[in-house]
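For reference, the structure discussed in these notes is given below.
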Amino acid sequence: MFFLREWALVLFLWKLFQLISLLLTLVSFIVADFLPAAPNLSNVVSFIVASSSIYALYTSLLLRQLWRMPRIRDHYRQLPTRPERPVDTIGFLAFGSFSFRRQDLIGAGGMARVYKGMYAGTLVAVKEVAAGALTPSVCAEAALLSGLRHPAVLHMYGCCAHDANLYIITELCDTSLHHELLKRSPHRLDLEPALSLALQVAEGMHYLHSNGVAHRDLKPANILLSLDPVAGGLTAKIGDFGLSRRTEDITRVTALVGTIQYMAPEMLMAAAAGQSEYSAAVDIYSYSIILWQLVTCGSPFEEELTNYGRVGLLHRIAREGLRPEIPETEIPPQLASLIRECWSEAEHCRPTSEEIKLRLEKLLEIIVGEVSYQCR
């Protein structure tokens, strides 16, 4: 390609020298007519014209020999004259300001694939939803994300449609809480970083509820983590709003959605009764299971799911009040009390997201103060 560009430059110079040769020829005739008494000047001009003509002739012969080579001739004719959109067959897609490669797959689910891509010089996550999976929930996810702006909520840069596929471009995170807990299990997180992550999730949940949004699928896999380059810790962001709804629309959607281990009892009971009336308090219950995982690094209802199956686990959670075991002796009593309140069977007994945020802030201040005192 470099050689072909050099060849194009030679072609330009050849045309330029032809023009200069013609101009010098005209100048030489003018000088010969008006300055007959100055033969030296005329000789100089004639020498310049002759040299330019020889150089132009040499360049034309060189180009003629190059043009006889079929590979160079065909390649040169195929060079694009304007930027063209890369085609999907080579595994690279570009749309406007963002692009991604098929081999940079981050994850895949039943409805979409997520790739690592570029947007305006920044690494991003590109969620590709195929035409066959374009459901109202996917459109709702894009609509919700476009209006959400909070440090603890996944930031959306934009979305576009191409060939009946939908592409949602969001910020790229390093990992998820699910992978982080699996990596650290069976060793537990220190209480301070665990509560710091819990507080960030609570802040994001409070922001969503304040804006009339119920996530309905809060779980560690949907909480994304990024390394904070300034503080050096992890920052949490709530993502995957495929099942999220405005609270005023919740009574018009299917009841049994989400992941069983994180589903509130009223959702399970509503599914059995054929109803679909529940509030954003379902997120509070899901959050209680996440909070339990942060302080224990355990997997909720793992044995029960193996022994009783999905139906049996649903029955035990909704009708028998089955909950994970809290290690009372290893965590502060305020935290154990908060977990139990958050997974209360009755919705009105659960604290609001704002109350959770305030209580965690106070608890974190106490723990940080105790650690500082012990280090003295």
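Residue by residue, here is whether (1) touching a Gly at 6+ places or on another chain (Cβ under 9 Å); (2) modelled with pLDDT under 90 holds:
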site	(1), (2)
Lys183	no, yes
Tyr207	no, no
Asn211	yes, yes
Ala231	no, yes
Ile238	yes, no
Thr247	yes, yes
Are there any pairs with C-beta distances below 9 angstrom linking a residue in segment 196-215 that is at positive phi to a residue that is part of a helix (DSSP H, G or I), with the two at least 6 apart or on different chains, and if so which? Gly212/Thr247; Gly212/Glu248
Pairs, please: C-beta under 6 Å, at least 6 apart or cross-chain, first residue at pLDDT 85 or above and in segment 143-155, second in a loop (DSSP other than H, G, I, E, B)? Leu154/Gly239
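Residue-by-condition table, conditions (1) touching a His at 6+ places or on another chain (Cβ under 7 Å); (2) among the β-branched types (Val, Ile, Thr); (3) at pLDDT 95 or above; (4) assigned by TED's automatic domain parsing to the domain that holds Ala280:
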| residue | (1), (2), (3), (4) |
| --- | --- |
| Gln334 | no, no, no, yes |
| Ser344 | no, no, no, yes |
| Glu355 | no, no, yes, yes |
| Lys362 | no, no, no, yes |
| Ile366 | no, yes, no, yes |
May I ask you to say which residue of Glu325, Glu303, Glu277 is among the acidic types (Asp, Glu), assigned to a loop (DSSP other than H, G, I, E, B) and modelled with pLDDT of 85 or more? Glu325
Out of the residues in segment 312-367 that are touching an Asp or Glu at 6+ places or on another chain (Cβ under 8 Å) and without any contact (Cβ under 8 Å) to a residue 24 or more places away in the chain, which is nearest to Ala281 (Cα to Cα)? Cys349
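The values are calculated or read from the model by the stated rules, or taken from the named source; none is laboratory data. In this text the structure is predicted, and so the values were computed from the model without any measurement. A quick note on method: Cβ atoms are made from the backbone with ideal geometry, for glycine too, and the neighbour counts reach across all protein chains shown.
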